[in-house]
Amino acid sequence: MNEIRVAIDGPAGAGKSTVAKMVARRLGLLYIDTGAMYRAVTWKAIEEGIPLSDEQKLVELASNLHIRLQTNKQKQSVFVNDTNVTEQIRSKEVTEHVSTVSAIPGVRTSLVKMQQKLAQEQGVVMDGRDIGTCVIPDAEVKIFLTASLEERARRRMEELIRKGVQVDFEELKSSIAKRDEMDSSREFAPLRKAEDAYSIDTTNLSLDEVVEQIVSICEKQIGTKL
Ligand code: CDP
Ligand code: CDP
């Protein structure tokens, strides 16, 4: 059971990280947020003033960066060379630029290597854009989570309001749509449903309902009640 690998992909705001964390806790697996890794590289590049057009420097940065994901029951913290950047990597600036950085093949090569190493060491629930297609193409369970753009923007808006951040709904919606478009149309490892992934449209589902569906799929795949 501890060997099972669950790959969860999908567009921004579909519920991947929230659901992945819940499934990991339920099944006793390690949760790995691969988006946090791309965000960490983007944060460091901005911090060091590296122009996002300088691909060579960004590839170098990604290959030398020490990214550590520390998980406890409540939350996952992200460290870059021992600095806790959990909050900083969610900033508007990082969110605006992360798709540019993640489209660079050499950046992906470094991060995918780290992700594959983590998935070899133990059972995992890993979420991202290319987990089922590139990072763990032989994962026991592959899920593709979606929800309407309107609903995904509404969820993000609620999250930001909870944090006390004021945002314009239409602006938020178009920034999510733009990021999805960039992630889906890039040449290298675009956001795509793996052929053998189960699609779940979460637009009208609660978090618990999504988790139940994923746990049922895991049970079906491995032939044991979990
Ligand atoms: O949480 P949210 O959906 O806003 O994004 P995220 O999962 O933190 O991912 C941030 C960005 O990282 C995505 O928009 C992609 O550009 C990139 N990413 C990727 O290219 N491949 C992954 N496996 C995960 C994230
Ligand atoms: O990781 P991703 O960008 O796909 O989504 P997320 O960061 O998990 O954000 C989704 C937000 O929508 C969270 O605040 C969830 O509580 C909420 N939500 C959900 O994910 N799924 C539902 N079925 C209902 C609400």
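Starting from the range 9-31, keep only residues that are assigned to a strand (DSSP E or B) and at pLDDT 95 or above, then list their pairs with residues that are among the aromatic types (Phe, Trp, Tyr) and more than 9 Å from ligand 1 (Cβ to nearest atom) whose Cβ atoms are within a distance under 7 Å, requiring at least 6 positions of separation or different chains.
Every condition considered, the pairs that remain are ASP9/PHE144.
Got a sec? Which of ASP138, ASP127 is of a type in the set (Asp, Glu) and touching a Gly at 6+ places or on another chain (Cβ under 8 Å)?
On inspection, the qualifying residue turns out to be ASP127.
Restricting the range 1-36 to residues that are within 14 Å of ligand 2 (Cβ to nearest atom) and among the polar types (S, T, N, Q), which is surrounded by the fewest Cβ atoms within 10 Å (Cβ to Cβ)?
THR18
Quick check, is ALA62 assigned to a helix (DSSP H, G or I), within 16 Å of ligand 2 (Cβ to nearest atom) and surrounded by 19 or more Cβ atoms within 10 Å (Cβ to Cβ)?
Against the criterion (assigned to a helix (DSSP H, G or I), within 16 Å of ligand 2 (Cβ to nearest atom) and surrounded by 19 or more Cβ atoms within 10 Å (Cβ to Cβ)), ALA62 does not qualify.
The conditions are (1) in contact with a Ser or Thr (Cβ under 6 Å, 6 or more places away or on another chain); (2) within 17 Å of LYS16 (Cα to Cα), and MET182 fails exactly one of them. Which is it?
Of (1) in contact with a Ser or Thr (Cβ under 6 Å, 6 or more places away or on another chain); (2) within 17 Å of LYS16 (Cα to Cα), only one is false for MET182: (2).
Contact list please: Cβ distance under 6 Å, first residue in the range 153-170 and under 13 Å from ALA12 (Cα atoms), second residue within 16 Å of ligand 1 (Cβ to nearest atom) and not in a helix (DSSP H, G or I), pairs at least six apart or on different chains.
Every condition considered, the pairs that remain are ARG155/GLY13; ARG156/GLY13.
Could you run through the range 1-48 and say how many residues are more than 9 Å from ligand 1 (Cβ to nearest atom), in contact with an Asp or Glu (Cβ under 7 Å, 6 or more places away or on another chain) and closer than 22 Å to LYS178 by Cα?
So the answer is 2.
Give all pairs with beta carbons closer than 6 Å in which a residue from the range 66-90 that is closer than 18 Å to VAL19 by Cβ meets a residue that is of a type in the set (D, E, K, R) and surrounded by 15 or more Cβ atoms within 10 Å (Cβ to Cβ); count only pairs at least 6 apart in sequence or on separate chains.
So the pair list comes out as GLN76/ASP33.
Which condition number does THR109 fail, the rest of (1) open to solvent by 60 Å² or more (accessible area, probe 1.4 Å); (2) closer than 26 Å to VAL211 by Cβ; (3) away from ligand 2 (no atom under 15 Å from the Cβ) being met?
THR109 satisfies every listed condition except (2).
Of the residues that sit in the range 65-96 and are in a loop (DSSP other than H, G, I, E, B) and open to solvent by 70 Å² or more (accessible area, probe 1.4 Å), which one is nearest to LEU160 (Cα to Cα)?
Out of the qualifying residues, it is GLU87.
The values are calculated or read from the model by the stated rules, or taken from the named source; none is laboratory data. In this text the structure is predicted, and so the values were computed from the model without any measurement. When we count neighbours, we look across all protein chains shown, and the Cβ atoms used for this are built from the backbone with ideal geometry, even at glycine. Keep in mind that these areas ignore ligands, DNA and RNA; they rest on the heavy atoms of the full protein, side chains included. Shrake-Rupley method; radii C 1.70, N 1.55, O 1.52, S 1.80 Å.
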